[in-house]
């Protein structure tokens with residue numbers, strides 16, 4: 001699906017007005033945990049800039065978070081380091097910063113980009129393992145600092161304005177003008193999402209995450225009907241954002257199947273697992289997890305040979321190294337140990 005450019009342009013022009021007024025009126029946060037209003041994301045959520053690590057003096061490494069309404073997690077992370085990087089492509093591919101992102105993101109190779117005020121910059125298109133939600137990773141050299149940025153693509157204009165504040169400059173939103181900066185934002189966001197997907201609101205991402213957390217909590221409490229309801233509501237949000245049968249929905253469907261099986265609706269659970277397996281086949285992390293869930297169902301029906309086969313296959317996926325970044329090998333090992 002192509003991005004709806006007239007709609008995005010209208011949203012960004014409206015957002016520019018907020019960026020310009022808010023960013024000029026506010027200083028930067030000076031103490032850890034302090035927040036200042038930053039403006040709105042490209043999809044309309046009010047956002048704030050929070051100092052999370054370091055000192056505002058800029059002589060040490062600093063980490064700022066962009067917190068937006070509708071999601072308890074940071075919508076963007078901005079790290080400012082007082083040194084210049086020679087090879088941005090290398091830093092964006094194999095550095096400790098990128099390895100940290102690799103724990104929860106699947107990113108494309110770095111590509112050259114243009115970022116306001118930067119002498120050099122690279123960008124990576126990313127997706128979260130959990131749900132396939134769009135993310136972006138950017139490394140830029142601005143002044144005497146290197147900036148490491150990651151987050152929801154709709155926060156890119158806010159990343160830019162936050163850096164302008166940190167550099168003591170007038171935010172580009174105000175300096176360039178509404179029409180020019182809106183056109184620039186469209187180009188950069190298109191590069192971030194690949195030009196094939198519409199912008200997703202931060203509130204949808206937040207609601208999806210909260211419902212998945214609720215589903216896990218209710219599952220752990222043995223409330224399988226309540227967990228099923230939460231996961232089904234999460235799937236509704238995902239399908240509204242991406243469409244039915246989209247990649248990234250398989251893990252949620254696997255979780256629904258797990259809850260249905262726990263309620264002894266085995267025929268329905270098997271159909272859900274079959275549907276999910278088609279969607280997780282290309283994602284070793286989700287494939288291994290879905291196999292483990294199916295091994296639980298086999299154990300519940302006392303088919304221990306099938307339980308062992310499914311759990312062993314999940315472990316093989318892990319040992320092959322496809323899902324090494326997920327960090328949940330203990331789950332697969334536990335399942336095999338229980339089936340043996």
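Please work out the C-alpha center-to-center distance from the range 242-273 to the range 114-144 and express it in whole Å.
34
Assuming 0.890 mPa s and 25 °C, estimate D for the range 234-300 with Stokes-Einstein, Rh taken as the Kirkwood radius over Cα pairs, in µm²/s.
The estimated diffusion coefficient comes to 209 µm²/s.
Once you order the gyration tensor axes a ≥ b ≥ c over the Cα atoms, which shape class does the range 42-92 get: rounded for a/c under 1.5, otherwise prolate or oblate by comparing a/b with b/c?
Cα axes put the range 42-92 in the oblate bin.
Quick one: grab the alpha carbon gyration tensor of the range 89-131, order the square roots of its eigenvalues as a ≥ b ≥ c, and give me rounded if a/c is under 1.5, else prolate or oblate depending on whether a/b is larger than b/c.
Because a/c hits 1.5 or more and a/b exceeds b/c, the range 89-131 counts as prolate.
Going by average Cβ neighbours within 10 Å, how do the peptides 139-151, 249-261 rank, with the highest at the top?
249-261, 139-151
Exposure proxy check: 317, 122 ranked by fewest other beta carbons within 10 Å?
On the way: 317 18, 122 24.
Result, fewest neighbours first: 317, 122.
Could you rank the peptides 107-116, 154-163 by their average count of other C-beta atoms within 10 Å per residue, with the highest value first?
Listed from highest to lowest mean packing, they are 154-163, 107-116.
For the range 96-172, compute Rh as the Kirkwood radius over C-alpha pairs and then the Stokes-Einstein diffusion coefficient at 4 °C and 1.567 mPa s; write the answer in µm²/s, rounded to an integer. Numbers along the way, then the final one.
On the way: Rh = 12.9 Å.
Calculated translational D: 100 µm²/s.
Every read-out reported here was derived from the displayed coordinates using simple, explicitly stated rules and does not represent laboratory data. All figures in this text were calculated on a predicted structure; none of them were measured in a lab. Ideal geometry is used to build each Cβ from the backbone, glycine not excepted, and the neighbour counts take in all protein chains shown.
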